[in-house]
1. Where the centroid of each part is defined by its Cα atoms, how far is region 220-248 from region 158-187 in Å?
2. Quick one: 3J(HN,Hα) in Hz for region 286-297, Karplus 6.51/-1.76/1.60 with θ = phi - 60°, rounded, Gly and Pro as x.
3. Counting other Cβ atoms within 10 Å of each Cβ, which GluC sites (Glu not before Pro) in region 90-122 have at most 14 and sit in a DSSP loop?
4. Provide the FRET efficiency to the nearest 0.05 for the residue 122-residue 297 pair, computing r from the beta carbons and using R0 = 25 Å.
5. I need the shape label for region 141-206. Rule: rounded when a/c is under 1.5, else prolate if a/b > b/c, else oblate, with a, b, c from the alpha carbon gyration tensor.
Amino acid sequence: MEWRGRRQSSNVEDRRGARGRSPFGRGGLRIPVGRGGVRRAGGGIGIGGIIIILIVSWVLGINPLTLLSGGDIGLDSGGYEQQAGAPANDETTAFIRTVLAETEDTWNGIFQASGEDYQEPTLVLFSGQVESACGFASSATGPFYCPGDRKVYLDTSFFQELERQFDASGDFAQAYVIAHEVGHHVQNLIGVLPRFNQARQRMSEVEANQMSVRVELQADCFAGVWGKFTDQRGLLEQGDIEEALNAARQIGDDTLQRRSQGYVVPESFNHGTSAQRMEWFRRGFESGDVNSCDTFSAEL
């Protein structure tokens, strides 16, 4: 991706090196979770793990649903306290600021074409742990979007994990991750997330997982739409789309479960299979049209 020399977004809040409110010291207490939270049914968590989470939630003063929920969308809860010593603007930070700026240009244009104003999100960089309006999270949670404060949260060490653990290298694979989270912000603005969060209170776990898959696949499609506009601006290089598709493949629910536990539990999927994630990113990229991203009417 040809990103150097482009506009960089000012909507980045750097909390790396910040000190939060955890009573367990500077490093905090690291909850053993996988991407998207503690594993659900069929994923290996037992009653002992639930008890530990409830105890930690009580000590930290946070909603236990924050730790138990799957997906990369946060649930509303507390706040953040203190910031200190943000590091210098290194190349990774410059890349993130540039990608965020490109998403701003894309979605400002799409919203304006519909006679609407796009409210740009803030992207929070953190290391180790972070407090958001959706509660406490650690690096193990992975990147996530919090609708409560309309912020994307990213520990840049996830990019190293993406390459080393998930075999998804390349700058456009990283850009895809950012664009996906911004896709959740778009969903929040157009009312998709509020409706989902309200409806999930009346759903069973399996039903909520099925609906979560549709929410996540739509964010993948929105990332593809962004990719199309980025390509039209002449910023994509040969192999970039393959990098994004490979990242989508590597973080599909079936691939992640097969890698971590040797078998898959479809009823616990909450992001979509590798094939689905690739398909919906490709659909958004090929069409460049948000109307092609209606995952809620599609047969999955």
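Rule-based calculations on the coordinates, nothing more; no lab input. Note that this is a predicted model, so its numbers are computed, not measured. All Cβ positions, even for glycine, are placed from backbone atoms using ideal geometry, and neighbour counts span all protein chains on display.
1. Spelled out, the Cα-based centre of one part sits 12 Å from the other.
2. Working through the residues one at a time gives 5, 8, x, 10, 5, 5, 7, 9, 7, 6, 7, 9 Hz.
3. Numbers: sites: 91, 102, 104, 116; in loops: 116.
Here the sparse-neighbourhood loop sites are 116.
4. Taking R0 as 25 Å, the efficiency between residue 122 and residue 297 is 0.20.
5. prolate
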